[in-house]
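Visitor: Starting off with a structure, shown below.
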Amino acid sequence: ERLFAVAAVAEDIASQIERGDGRIIGLMLESFIEAGRQDVVNKEDLVYGKSITDPCIDWQQTVTTLHTLAEAVARRRQVGAG
């Protein structure tokens with residue numbers, strides 16, 4: 001559910017960038033190896049690679065999101081150069 005929301009927001013931002021919205025110059029992603037977050041109750045029970053602070057998207061979603069945004073920037077540059 002959360003990954004879907006991140007993907008939908010990234011697609012929307014990419015669409016805005018591709019259409020030439022120059023106000024978007026960056027964004028922040030909360031990313032880690034594993035998705036989500038966890039509370040520190042017992043150190044031995046912690047999941048390696050999962051945040052203990054903010055909820056994060058996982059590595060694969062990060063890669064997908066960055067590719068989506070990079071492709072939008074490339075398309076905007078092509079339109080701007082043409």
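The values are calculated or read from the model by the stated rules, or taken from the named source; none is laboratory data. Since this is a predicted model, take the numbers as computed values, not measurements. Cβ coordinates were reconstructed from backbone atoms using ideal geometry, including for glycine residues, and neighbour counts include every protein chain displayed. We work out accessible area using only protein heavy atoms, side chains counted, and drop any ligands, DNA or RNA first. Shrake-Rupley method; radii C 1.70, N 1.55, O 1.52, S 1.80 Å.
Visitor: Working from Cα positions, state the angle (0 to 90°, nearest 10) between the long axis of helix 59-81 and the longest principal axis of the chain.
Guide: 10 degrees
Visitor: Per residue, how much accessible surface does the chain expose to a 1.4 Å probe? Answer in Å², no decimals.
Guide: 74 Å²
Visitor: In whole Hz, what ³J(HN,Hα) sequence does region 45-50 give by Karplus (6.51, -1.76, 1.60; θ = phi - 60°), x for Gly and Pro?
Guide: Computed from phi, the couplings for region 45-50 are 8, 5, 8, 4, x, 10 Hz.
Visitor: For the chain, what is the charge dipole size about the Cα centre, in debye to the nearest 20, if Lys and Arg each add +1 at the Cβ and Asp and Glu each add -1 at the Cβ?
Guide: I would put it at about 460 debye.
Visitor: Also, quick follow-up: Taking the Cβ-Cβ separation of Gln78 and Lys50 as r and a Förster radius of 35 Å, what is the calculated FRET efficiency to the nearest 0.05?
Guide: 0.35
Visitor: How large is the accessible surface of Lys50 in square angstrom, using a 1.4 angstrom probe and rounding to the nearest 10?
Guide: 60 Å²
Visitor: Could you tell me the center-to-center distance, by alpha carbons, between region 42-62 and region 11-32 in angstrom?
Guide: Each part's Cα centre sits 24 Å from the other's.
Visitor: Moving on. Keeping all protein chains in place and using 1.4 angstrom, which order do Val63, Val40 fall into by accessible surface area, from largest down?
Guide: Putting Val63, Val40 in descending order of accessible area: Val40, Val63.
Visitor: Still on this model: Full extension from Val9 to Glu30: what is 0.36 nm times the residue separation minus their Cα-Cα distance, to one decimal in nm?
Guide: Roughly 6.2 nm would be gained on extension.
Visitor: For the chain, what % of the accessible area comes from carbon and sulfur atoms, probe 1.4 Å?
Guide: 56 percent
Visitor: Looking at the square roots a ≥ b ≥ c of the eigenvalues of the Cα gyration tensor of the chain, which shape do they give, rounded for a/c under 1.5, prolate if a/b is larger than b/c, or oblate?
Guide: It comes out prolate by the Cα gyration axes.
Visitor: Counting each DSSP H run of 4 or more residues in the chain as -39500 (n - 2.57), what helix-only mean residue ellipticity at 222 nm follows after dividing by all residues, to the nearest 500 deg cm²/dmol?
Guide: Mean residue ellipticity, 222 nm, calculated: -17000 deg cm²/dmol.
Visitor: First select every other residue whose beta carbon is under 13 angstrom from the beta carbon of Asp39; then total the charges, Lys and Arg +1, Asp and Glu -1.
Guide: So the environment of Asp39 carries a net charge of +1.
Visitor: Asp12 accessible area, nearest 10 Å², 1.4 Å probe?
Guide: Looks like 80 Å² after rounding.
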